[in-house]
Amino acid sequence: MSDFLAAAVQLKSTSQPEVNFSSAEEQIELAARRGAELIGLPENFAFLGDDQERLNLSSSLAEQCSRFLVTMARRYQVVLLGGGFPVPVGDGRRTLNRAELYGRDGQLLARYDKIHLFDVDLPEGNTYRESSTIVPGENVPPVVDVPGLCKVGLSICYDVRFPELYRYLADHGAELLLIPAAFTAFTGKDHWQVLLQARAIENTAYVVAPAQTGLNYERRHSHGHSMVIDPWGTVLADAGVLPGASIAPVDSSHVGRIREQMPCLKHRKPELF
């Protein structure tokens, strides 16, 4: 693991993919110019809109997203996460929600299909049923040793409420947890930062959490506050509520130092539970 800058990009994506791609490239370029070597885009970075329109676009959009990520990683010489985009499953009704991580040379390092789906009725009146149009992933989330950086674990948004997923990633060597999201404004104000800090603290790992922000379509309002958090739970950078990025250093020695000072992972009693 080496010292490097990580960037959690914050976007206000809409139902216009070309506009979204342009906005994403602008933020990638700005982050790369500031020295970021690992850059994460949020969930739904290329499209955030009506379910039926997403389904209609999914075949072409999946290909566009992968090509875009390859091009951006090569152009700006960064390790780049596309935090979630629709990939059709072939039944004409549903998609996967897929994150892909690319190396500086544009090679695919890891992919992950979102396991936990957001099916909730919120007190403010909005109802979300991701399972009606999204198929949950069937494979465990990957941990990848990114050359020259660190061991990175992948997840997406609603996963953050399931600590066992992140314990699995930590058990398999993850030193940095990527949590791209499109958190709702209603839940985000109370839960987003608390959950991110909890995942960092309990796994003594960095958290890089790119997020959507603002009014994306109709009543869909995202929380924002893309963050980089260290293994002690300290928020190193917070992007607020405007499009942009939170950028902070990942310290090569900090994970090891915190894990020595607070060796919770070694003190577990899995045989009892």
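The values are calculated or read from the model by the stated rules, or taken from the named source; none is laboratory data. Note that this is a predicted model, so its numbers are computed, not measured. Positions of Cβ are backbone-derived with ideal geometry, glycine not excepted, and every protein chain shown enters the neighbour counts.
Screening L169 with (1) at pLDDT 95 or above; (2) in contact with a Ser or Thr (Cβ under 8 Å, 6 or more places away or on another chain); (3) surrounded by fewer than 21 Cβ atoms within 10 Å (Cβ to Cβ) gives one miss only, at (3).
Return a yes/no flag: does the range 194-202 have any residue that is without any contact (Cβ under 8 Å) to a residue 24 or more places away in the chain, within 21 Å of C157 (Cβ to Cβ), out of contact with any Ser or Thr (no Cβ under 8 Å at 6 or more places or on another chain) and not in a strand (DSSP E or B). Scanning the range 194-202, I find at least one residue that is without any contact (Cβ under 8 Å) to a residue 24 or more places away in the chain, within 21 Å of C157 (Cβ to Cβ), out of contact with any Ser or Thr (no Cβ under 8 Å at 6 or more places or on another chain) and not in a strand (DSSP E or B), so the answer is yes. Just one of the listed residues (I115, I156) is in contact (Cβ under 8 Å) with a residue 24 or more places away in the chain, surrounded by 21 or more Cβ atoms within 10 Å (Cβ to Cβ), under 18 Å from P42 (Cα atoms) and β-branched (V, I, T), and it is I156. Which condition number does D121 fail, the rest of (1) crowded, with 16+ Cβ neighbours inside 10 Å; (2) free of Cβ contacts under 8 Å to residues at least 12 places away in the same chain being met? For D121, the failing item is (1).
Within the range 63-109, the set of residues being in a helix (DSSP H, G or I), surrounded by 21 or more Cβ atoms within 10 Å (Cβ to Cβ) and among the small types (G, A, S) comprises just one member, A73. Look at (1) within 22 Å of F45 (Cα to Cα); (2) among the small types (G, A, S); (3) at pLDDT below 95 and you find that G137 fails only one, number (3). Per the conditions (1) surrounded by 17 or more Cβ atoms within 10 Å (Cβ to Cβ); (2) in contact with a strand residue (DSSP E or B) (Cβ under 9 Å, 6 or more places away or on another chain); (3) under 30 Å from R54 (Cβ atoms), the sole criterion not satisfied by F186 is (1).
Just one of the listed residues (S22, S60) is within 25 Å of G240 (Cα to Cα) and either surrounded by fewer than 18 Cβ atoms within 10 Å (Cβ to Cβ) or of a type in the set (A, V, I, L, M) (or both), and it is S22. Just one of (1) assigned to a strand (DSSP E or B); (2) in contact with a helix residue (DSSP H, G or I) (Cβ under 8 Å, 6 or more places away or on another chain); (3) not aliphatic (A, V, I, L, M) fails for E25. It is (1).
For (1) over 26 Å from V146 (Cβ atoms); (2) among the hydrophobic types (A, V, I, L, M, F, W, C); (3) surrounded by fewer than 24 Cβ atoms within 10 Å (Cβ to Cβ); (4) out of contact with any His (no Cβ under 7 Å at 6 or more places or on another chain), each residue gets a yes or a no:
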{"residue": "P180", "(1), (2), (3), (4)": "no, no, no, yes"}
{"residue": "V207", "(1), (2), (3), (4)": "no, yes, no, yes"}
{"residue": "R219", "(1), (2), (3), (4)": "yes, no, yes, yes"}
{"residue": "H225", "(1), (2), (3), (4)": "no, no, yes, yes"}
{"residue": "I229", "(1), (2), (3), (4)": "no, yes, no, yes"}
{"residue": "T234", "(1), (2), (3), (4)": "no, no, yes, yes"}
{"residue": "D238", "(1), (2), (3), (4)": "no, no, yes, no"}
{"residue": "G244", "(1), (2), (3), (4)": "no, no, yes, yes"}
{"residue": "I247", "(1), (2), (3), (4)": "no, yes, yes, yes"}
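Within the range 83-109, restricting attention to residues that are within 13 Å of the chain's Cα centre (by Cα) and among the small types (G, A, S), the residue that is farthest from V144 (Cα to Cα) is G84. Just give me the residues in the range 128-144 being surrounded by 15 or more Cβ atoms within 10 Å (Cβ to Cβ) and either in a strand (DSSP E or B) or over 15 Å from the mean Cα position of the chain (by Cα) (or both), in sequence order. Residues satisfying the conditions are Y128, E130, T133, I134, V135, G137, V143, V144.
Of the listed requirements (1) more than 25 Å from G148 (Cα to Cα); (2) surrounded by fewer than 15 Cβ atoms within 10 Å (Cβ to Cβ); (3) in contact (Cβ under 8 Å) with a residue 40 or more places away in the chain, K12 misses just one: (2). Being in a strand (DSSP E or B) and hydroxyl-bearing (S, T, Y) is the filter; apply it to the range 203-234 and report the residue that is farthest from the chain's Cα centre (by Cα). Going through the qualifying residues, I end up with Y217.
What residue, among those in the range 46-57 that are without any contact (Cβ under 8 Å) to a residue 40 or more places away in the chain and not aromatic (F, W, Y), is surrounded by the most Cβ atoms within 10 Å (Cβ to Cβ)? The qualifying residue surrounded by the most Cβ atoms within 10 Å (Cβ to Cβ) is A46.
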